[in-house]
Amino acid sequence: MSEPFRVGLLGHGTVGAAFATLLEERADAVEAETGQRPELSGILTRSRGEFEDILERSDLIVELMGGIDPTRDFVLRALERGRHVVTANKQLLSQHGEEIFDAARRGGVQLRFEGAVAGVVPAIRVMAESLAAAHIERVHGIVNGTTNYILTQMTATGATYEEALAEAQEMGYAEADPTEDVTGKDAAAKMAILARLAFNAAVHLDQVGYEGIERITPDDIGYAKDLGLSLKLVGSAQRIDGGVAVHVYPAFLYADHPLASVNGAFNAVTVESPAITEITLSGPGAGGMQTASAVLGDVVSAMIPPPSLPAPAVEQPIVTDVEFSFYLHLEVADRPGVLAQVAEILGMQCVSIRSVVQKGLGREARLVMVMHPVLESKFRAAVELIARLDFVREAPRVIRVIEETF
């Protein structure tokens with residue numbers, strides 16, 4: 001028998017339980033690959049186990065508890081005591097990443113976190129290892145399987161947001177409290193981590209602008225179909241004017257964009273660099289077993305030295321005002337001069353209209369417009385003025401449009 005490699009597990013929820021099962025099932029294969037046999041040395045839950053006891057009896061700690069407290073303390077103590085750490089905790093890394101990376105360097109141990117970003121999609125490993133020498137200009141993707149499933153169902157069936165969310169919860173793709181997913185906060189944390197790796201920039205979650213999908217309606221998706229577009233929640237991190245811009249937002253994409261065909265609970269990450277043009281990685285992004293598989297892959301990597309950590313971050317400015325194309329949906333009174341007044345206000349802010357669809361609804365009308373690229377600040381200023389017009393019947397709805405094609 002080979003020497004055991006002792007794994008302490010923090011958390012035994014959906015992902016933690018799946019990981020424990022997978023570790024046992026794959027122990028023979030891991031032993032054949034690494035020469036060491038992984039085994040659980042202890043499991044910590046609210047009612048089971050003691051952290052210090054598990055830490056003392058472990059070579060590596062797998063953290064699947066989630067949240068910040070007491071997780072941050074546990075992870076830092078493990079690293080400082082010379083234990084490798086594998087985590088899928090994107091909130092922890094997006095808010096305290098630099099502190100944790102520094103602790104891993106001081107401890108001379110590995111910190112791996114593939115499961116924190118996109119399920120089984122190996123975005124972290126590819127960026128940190130395969131593309132380590134590439135000058136990455138942009139990373140964008142669909143990094144939340146829950147919202148992608150909801151938008152896919154709304155598109156395929158005509159369901160409302162509420163109906164599609166209820167179905168996602170029944171299928172196990174959405175939590176009972178889906179707030180972090182549907183507001184975009186989960187995806188924002190993941191994009192902060194990807195930006196850290198892509199640009200060596202210390203991006204904190206608070207510096208990521210994010211919007212969710214709660215206000216998306218079947219009408220929005222219907223007009224997208226009319227315009228030959230699909231709707232996705234997209235995360236984007238890019239270099240702009242010597243700084244870094246990181247955002248999460250619902251966006252319309254044209255059919256030949258590599259993210260347009262990513263449906264259901266799948267995730268995808270596209271990396272762009274002058275050295276490689278662009279590559280897209282895709283795979284399941286939601287589900288306990290999928291994340292557990294990524295975590296086990298990190299455990300195997302940690303069992304095979306040498307350690308691999310991101311270089312210390314370099315301070316870079318965060319750019320918040322970025323050019324986008326926009327979709328604008330207006331419910332207005334059906335009377336002469338409405339379109340002209342809207343167009344005049346847009347023009348005053350240097351916003352150029354690319355296309356317009358107008359539908360009469362009796363005494364009211366619906367205007368749907370797509371704009372050419374413009375700084376977001378200018379477009380938002382125009383929308384604020386339009387919303388004050390007496391013929392506007394409800395708050396304007398705005399969705400970004402990704403115009404690029406591949």
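The values are calculated or read from the model by the stated rules, or taken from the named source; none is laboratory data. In this text the structure is predicted, and so the values were computed from the model without any measurement. Reconstructed Cβ throughout: ideal geometry from the backbone, glycine too, with neighbour counts over all protein chains shown. Note: areas computed on protein heavy atoms with side chains; ligands, DNA, RNA excluded. Shrake-Rupley method; radii C 1.70, N 1.55, O 1.52, S 1.80 Å.
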*asked:* Please check: in the Gaussian network model of the chain (C-alpha springs, under 10 Å), which one of G158, G235, G67 has the largest mean-square fluctuation.
replied: G67
*Solvent-accessible area, 1.4 Å probe, carbon plus sulfur percent, for the chain*: 49 percent
_Can you give me the accessible area per residue for the stretch 297-399, using a 1.4 Å probe, in Å²?_
50 Å²
*Would you mind calculating the gained length between R215 and E56 on full extension (0.36 nm times residue separation, minus the Cα-Cα distance), in nm to one decimal?*
52.3 nm
*What is the antiparallel percent of DSSP beta bridges lying wholly in the chain, to the nearest 5?*
70 percent
_Run the helix sum for the chain: -39,500 (n - 2.57) per DSSP H stretch of 4+ residues, divided by residue count, reported at 222 nm to the nearest 500 deg cm²/dmol._
-11000 deg cm²/dmol
_Residue pairs, from the table K232/K378; K190/K378; K90/K225; K185/K378, whose Cα atoms sit over 30 Å apart_ = K90/K225
*Accessible area per residue of the stretch 1-113 at 1.4 Å probe, in Å²?*
45 Å²
_Springs between alpha-carbon pairs under 10 angstrom, Gaussian network model over the chain: which of A365, A128, A224 fluctuates most?_
A365
*What FRET efficiency, computed as 1/(1 + (r/R0)^6) with R0 = 35 Å and r the Cβ-Cβ distance, is obtained for A395 and T14, rounded to the nearest 0.05?*
0.40
*What ³J(HN,Hα) values, in whole Hz, does the Karplus curve 6.51 cos²θ - 1.76 cosθ + 1.60 give for the stretch 375-383 when θ = phi - 60°, with x put for Gly and Pro?*
4, 4, 4, 5, 5, 5, 5, 5, 5
*Obtain the nm distance between the two label points defined at H372 and R105 by a simple spin-label model: each point lies 7 Å from its Cα along the Cα-to-C-beta direction.*
4.6 nm
_How much accessible area per residue does the stretch 131-199 have, counting only protein heavy atoms and a probe of 1.4 Å, in square angstrom?_
35 Å²
_Fully extended contour minus Cα-Cα distance, from L385 to E98, at 0.36 nm per residue_ = 99.2 nm
*Extension gain, V356 back to D226 (0.36 nm per residue minus Cα-Cα distance, nm)*: 45.7 nm
*Mind putting a number on the dipole of the chain about its Cα centre? Charges go on the C-beta only, +1 for Lys and Arg and -1 for Asp and Glu, and I need it in Debye to the nearest 20.*
540 debye
*asked:* Between A311 and I279, how high is the FRET efficiency from 1/(1 + (r/R0)^6) when r is the Cβ-Cβ distance and R₀ = 22 Å? Nearest 0.05.
replied: 0.50
